[in-house]
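The values are calculated or read from the model by the stated rules, or taken from the named source; none is laboratory data. Nothing here was measured: the structure is a model prediction, and the numbers come from that model. Cβ coordinates were reconstructed from backbone atoms using ideal geometry, including for glycine residues, and neighbour counts include every protein chain displayed. Protein only, heavy atoms only, side chains kept; ligands, DNA and RNA dropped before computing areas. Shrake-Rupley method; radii C 1.70, N 1.55, O 1.52, S 1.80 Å.
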Amino acid sequence: MASFLNTLIFGIYPYIALAVLALGSIIRYDREPYTWRSGSSQLLRRRQLVMGSVLFHVGVLIVFFGHLVGLLTPIQLFDLVGISHGFKQIMAIVVGGVAGGFAIIGATMLAHRRLFDPRIRATSSFGDNAIIVLLWLQLALGLATIPLSLGHLDGNEMVTFMSWAQGIFTFDFAASSYIAGAHPIFKAHLFLGLTIFLVFPFTRLVHMLSVPLRYFWRPGYQIVRSKRAAAE
C-alpha cells in the first residue's frame with residue numbers, strides 16, 4: 001500500500017498537476033483575460049501591504065528560481081564545472097534559508113492583513129485567503145527541512161531529489177521510487193508544492209506569468225456606450 005501511494009503521489013500526481021497548470025493557464029488567459037490579474041486592496045493598510053509584498057515577492061522569487069535551477073540542472077553539469085554536491089547542499093541551505101525567511105515574514109504580514117482586517121476580509125474571496133495560507137504553509141515546510149538537510153551535508157539527499165525532479169520531466173517511470181525513503185516533511189513539502197501548481201490557474205497567482213512588456217506598444221482601450229444599450 002505504501003509503495004502504491006508513493007507512486008500515485010510522486011509518480012502520477014506530478015503529471016496531473018503540471019498538465020492542469022499548463023492547460024488551465026492557457027484556457028483562462030484565452031477565455032477570461034480580464035481576470036488575469038492580482039486584485040488590489042492597496043488603499044487599505046498600504047504600508048503593511050508594501051513591506052509584506054516586497055519581502056514576500058523577493059523571497060519567493062529567489063526560492064522559486066533556486067529550486068528550478070537546483071533541481072532541474074543536470075547533475076553532470078555541476079560535476080563538469082566542479083561544484084560538489086556538498087557545496088551545493090550548503091548553498092541551498094544558506095540561500096534558501098535567508099530567502100525563505102524573508103518570504104515567510106512577508107507572507108505572515110500579508111496573511112495577517114487579509115485575514116484580520118474586517119474591511120479587507122469582506123472583499124477577499126475564499127481563493128484569495130486560501131492561497132496565501134497554502135503559500136505560508138509551503139514556506140514553513142521548506143524552512144522545516146533545513147534542520148534535516150543539515151544532517152546530510154554530503155549532498156547525497158539533494159541528488160536524490162534532483163534525480164526525482166529530472167526523472168519526472170524525462171518520463172522516468174521509476175522516478176517516484178527515488179524518494180520512497182525520504183523524510184515525511186520533505187514529502188509533504190513536495191506534495192503541497194505540486195498542489196499549488198494544480199490550483200495555480202484558478203487563483204490570483206496567474207499574474208506571476210505576466211511580464212508587462214505589452215504595455216509599451218498596446219494601443220489602449222476606449223469604452224463606448226451605445227445608444228441602444230442606454231435605451232434598454
Within the range 45-88, which residues are touching an Asp or Glu at 6+ places or on another chain (Cβ under 7 Å) and open to solvent by 80 Å² or more (accessible area, probe 1.4 Å)?
Arg45
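Determine whether Ala182 is exposed (fewer than 10 other Cβ atoms within 10 Å of the Cβ), modelled with pLDDT under 95 and farther than 29 Å from Asp128 by Cβ. Before the answer, list the steps.
Numbers: exposed (fewer than 10 other Cβ atoms within 10 Å of the Cβ): no; modelled with pLDDT under 95: yes; farther than 29 Å from Asp128 by Cβ: yes.
So Ala182 fails the test.
Being part of a helix (DSSP H, G or I), under 30 Å from Thr35 (Cβ atoms) and modelled with pLDDT of 90 or more narrows it down to one of Leu205, Leu198, so name that one.
Values: Leu205 fails: modelled with pLDDT of 90 or more.
Answer to the check: Leu198.
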Within the range 108-128, does at least one residue satisfy the condition of being open to solvent by less than 30 Å² (accessible area, probe 1.4 Å), at pLDDT 90 or above and either hydroxyl-bearing (Ser, Thr, Tyr) or under 20 Å from the mean Cα position of the chain (by Cα) (or both)?
no
Subset of the range 185-196, residues closer than 11 Å to Leu134 by Cα and either in contact (Cβ under 8 Å) with a residue 60 or more places away in the chain or within 9 Å of the chain's Cα centre (by Cα) (or both), comes to Gly193, Thr195, Ile196
Would you please name the residue that is least open to solvent (accessible area, probe 1.4 Å), looking only at residues in the range 158-173 that are touching a Leu at 6+ places or on another chain (Cβ under 8 Å) and over 16 Å from Ile9 (Cβ atoms)?
Met162
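Which residues, taken from the range 140-167, are hydrophobic (A, V, I, L, M, F, W, C) and in contact (Cβ under 8 Å) with a residue 40 or more places away in the chain?
Filtering the range 140-167 for residues hydrophobic (A, V, I, L, M, F, W, C) gives 140-141, 143-144, 146, 148, 150, 153, 158-159, 161-162, 164-165.
Leu141, Leu143, Ala144, Ile146, Leu150, Leu153, Met158, Val159, Phe161, Met162, Trp164, Ala165, listed by residue number.
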If only one of Leu139, Leu150 is at pLDDT 95 or above and not aromatic (Phe, Trp, Tyr), which one is it?
Leu139
Being of a type in the set (Val, Ile, Thr) and closer than 12 Å to Gly52 by Cβ is the filter here, so list the residues in the range 121-152 that pass it.
Ile132
So if I check each of Ala182, Ala165, which one is part of a loop (DSSP other than H, G, I, E, B) and either out of contact with any Pro (no Cβ under 8 Å at 6 or more places or on another chain) or farther than 22 Å from Val60 by Cβ (or both)?
Ala182
Which of the numbered conditions does Val95 fail, given that it passes all the others? Conditions: (1) open to solvent by less than 30 Å² (accessible area, probe 1.4 Å); (2) under 17 Å from Gly59 (Cα atoms); (3) over 16 Å from the mean Cα position of the chain (by Cα).
(1)
